[in-house]
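Nothing in this text is a laboratory measurement; each read-out follows from the coordinates by a stated rule. Keep in mind that what you see is a predicted model, and the values were worked out from it rather than measured. When we count neighbours, we look across all protein chains shown, and the Cβ atoms used for this are built from the backbone with ideal geometry, even at glycine.
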Amino acid sequence: MKEEIKQTIIANTENFDELEQLYRANKDDFRSAIKELHEENAADTTAAIWYSRLFYKEQKEKAKNADLLKDIGIMVLLAFIAWLPIYYENAYSYHTFPNIKLTISAIFSFMISLYFFLKKGFPLKALAVSAAFHICAFFYLWFLLDKSKESQSIDNAFYFMFILFWFAAYLCYSGRNFKNSTSLAGFIKISGELIVWYTIFFLGFLAVSFIILSLFEAIKIDFWNIWDENLLPYALCILPYASVYFIEKTKYQFTKILANIFLPVFLAGLAVFAVMSLFSETKPYSDRDTFILFNVLLVFVICFLTYSSLGSTESRFINICSLALAVITVLLDLYTLSATIYRISSFGISPNKLTLLVTNITMLGNLVFILFRCFKEKSFKVPAEKIVVYLPAYAVLAFIVVFIFPFAFKFK
């Protein structure tokens, strides 16, 4: 029967009505015949059209499953490579490899870049640049750490290198669109969402692990050491990839929620803090801890403002709150900047003070730029694409702190 249908199809390749009647009369044999014809001659247009019609859902499901397996394979492999230095540290002791934390950070950062490269499929050039940068950064920081074990300039170089690592990951994320502000805004959004979903997944992993391990413990089987030394570090390595995959597949976004709920609350809290700090006996001019707290607060507010600008809210109230937060933060930055200059003039210059000085100036420029865009656009809401164009200034800042300050202060 199937052979007869097959011959009938061949004889009526241009007679679509006849083929439709034949299909409706015997669907199973018709499907089998079309599948064989398509496998024998993929160039046959009629067989190709019918094959696409009859097997489209199966092809789509097969491709979807293949993509899922490929994505899981990439995540598992990259997480395993990032996990290896952690395993080495646990197995052979931190003292045998004093720069293990540097190794972990550099490898993990490059694995993130490699993940974006594999997912986006951009030219190999972007990955080659990222790989060269990570290798050079690794050996450069190793060189610095061998110069001195306790050095402010070297510690600052280590921390600011993570900013350059972030831009290296963006290079592989954007591919050819490195200078595109829309691409940068998208990467910032993914970075913010990654923090949120990573936290959610990690807390969920801890809760599930606790329940399962407690059940094993109840029957006198102890897996806590294995979990602590192997499973927990591996989860820390694989969850960033899982979070990014979940974000891209589900399109869940917390940006608008963040702008609508937390922005007014944070504005009120910051305003109260700014007023109360004026009447407090503890000032950043004389108290080092308060001085550091003000600088950390400024960094947080800058990140918050940049990330909340990605929200597509049309609420005038929220947009006014965003503008007010920028104004208050400018005043707070000026206050902190004056404290930095005072501490330098009173206690002398040091790597930390100079780093904070240039960081304060860079953040002040960022805030002024945001306000400038607001007034230029004549709107309380400025598109994120016009705000993020300032962010490369932080790459310049990081470059100065990482590659210039250690030598300027003779590794002290």
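Results, tabulated for the structure shown:
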| quantity | calculated |
| --- | --- |
| Sequence of Phe108, Phe317 once ranked by neighbouring C-beta atoms within 10 Å, starting from the fewest | Phe317, Phe108 |
| Convex hull of region 259-381 built on C-alpha atoms - directionally averaged projected area, nm² | 7.6 |
| Relative packing of peptides 264-276, 75-87 - highest average C-beta neighbours within 10 Å first | 75-87, 264-276 |
| Ile341/Ala48 FRET efficiency (R0 56 Å; Cβ-Cβ; nearest 0.05) | 0.15 |
| Cross-link pairs Lys353/Lys412; Lys179/Lys386; Lys125/Lys179; Lys353/Lys410; Lys119/Lys179; Lys35/Lys119 - those with Cα-Cα distance over 22 Å | Lys35/Lys119 |
| Highest-first arrangement of 349-356, 235-242, where packing means the average Cβ count within 10 Å | 235-242, 349-356 |
| Two-site FRET efficiency, Phe372 against Ser280, from Cβ-Cβ distance with R₀ of 22 Å, rounded to 0.05 | 0.10 |
| In nm, spacing of pseudo-spin labels at Trp142 and Asn225 (7 Å Cα→C-beta vector) | 3.2 |
| By average C-beta atoms within 10 angstrom, highest first, the peptides 201-210, 335-344 | 335-344, 201-210 |
| Fully extended contour minus Cα-Cα distance, from Asp28 to Leu77, at 0.36 nm per residue | 13.4 nm |
